[in-house]
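*Asks:* The structure follows.
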Amino acid sequence: MKTSDGKTFELNMSYMSMCKFLKVSFESMDEAPSDYSLPVSLRCLEKVDKFCEYHSKNPTQTSVLDERFVIDHFKEFDKAFSLEMRENVDLLFETITAAQYLNQPYLLDVLCRSAALLIKNKNTETVRKVLSIPEVTPEQHKAANEKHPFIKKYQ
């Protein structure tokens, strides 16, 4: 399998089939074709691989998510994985995109929960820094209000 950054990665379909996109795409084959390209970087694919391998070997260790995404419901591996992913925000969001593309809903839940915890109880300035959101200048703010008058209603 070729990654978006031009590297080659060997997928183990016995557990990577947890990604619904890969399962449907290659269900008639024993292994994925080596010349197939995924729009996913090597570092993301390695994280997806690690997650899927663990959960395929430990199916009873799947965390139960409730509507509040309470951390106590997360099993140890998922807690550690979540903390590891929060250390590199760029990798976290890149891996969220990869999980969405590969259609791995459980990984997507864990990663989105990690992203939510990054900004939980933070002020707007901290959220801007964490998410790399540029500061809006007064001129940009005024132009946006003129272009979209309904914005004033929500300020």
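*Asks:* If only one of Ser34, Ser28, Ser4 is outside any helix (DSSP H, G or I), more than 13 Å from Tyr106 (Cα to Cα) and at pLDDT 85 or above, which one is it? Write out each step before concluding.
*Replies:* Working: Ser34 fails: at pLDDT 85 or above; Ser28 fails: at pLDDT 85 or above.
Testing whether each residue is outside any helix (DSSP H, G or I), more than 13 Å from Tyr106 (Cα to Cα) and at pLDDT 85 or above leaves just Ser4.
*Asks:* I would also like to ask the following. Can you tell me which residue in region 7-25 is surrounded by the fewest Cβ atoms within 10 Å (Cβ to Cβ), limited to those that are assigned to a loop (DSSP other than H, G, I, E, B) and either among the hydrophobic types (A, V, I, L, M, F, W, C) or on the phi > 0 side of the Ramachandran plot (or both)?
*Replies:* Phe9
*Asks:* Taking the residues in region 101-155 that are hydroxyl-bearing (Ser, Thr, Tyr), without any contact (Cβ under 8 Å) to a residue 12 or more places away in the chain and assigned to a helix (DSSP H, G or I) as candidates, determine which candidate is farthest from Tyr15 (Cα to Cα). Break it down stepwise before answering.
*Replies:* Looking only at region 101-155, we keep the residues that are hydroxyl-bearing (Ser, Thr, Tyr), and these are 101, 106, 114, 124, 126, 132, 137, 154.
Those left that are additionally without any contact (Cβ under 8 Å) to a residue 12 or more places away in the chain: 124, 126, 137, 154.
Next cut, assigned to a helix (DSSP H, G or I) only: 124, 126, 154.
Details: Thr124: 40, Thr126: 38, Tyr154: 46 Å.
In this case the residue turns out to be Tyr154.
*Asks:* Another one. Considering region 105-141 alone, what residues qualify as being in contact with an Asp or Glu (Cβ under 8 Å, 6 or more places away or on another chain) and of a type in the set (Val, Ile, Thr)? Spell out how you get there, then give the answer.
*Replies:* Initially, region 105-141 is screened for residues in contact with an Asp or Glu (Cβ under 8 Å, 6 or more places away or on another chain), giving 110, 128.
Hit for region 105-141 is Val110, nothing else.
*Asks:* How many of the residues making up region 60-115 are charged (D, E, K, R) and at pLDDT 90 or above?
*Replies:* 5
*Asks:* So, in region 6-24, how many residues would count as being touching a Cys at 6+ places or on another chain (Cβ under 7 Å) and small (Gly, Ala, Ser)?
*Replies:* Going through region 6-24 one residue at a time, the tally reaches 0.
The values are calculated or read from the model by the stated rules, or taken from the named source; none is laboratory data. Remember, predicted model here, so these are calculated numbers, not experimental data. Positions of Cβ are generated from backbone atoms using ideal geometry, with glycine treated the same way; all protein chains shown enter the neighbour counts.
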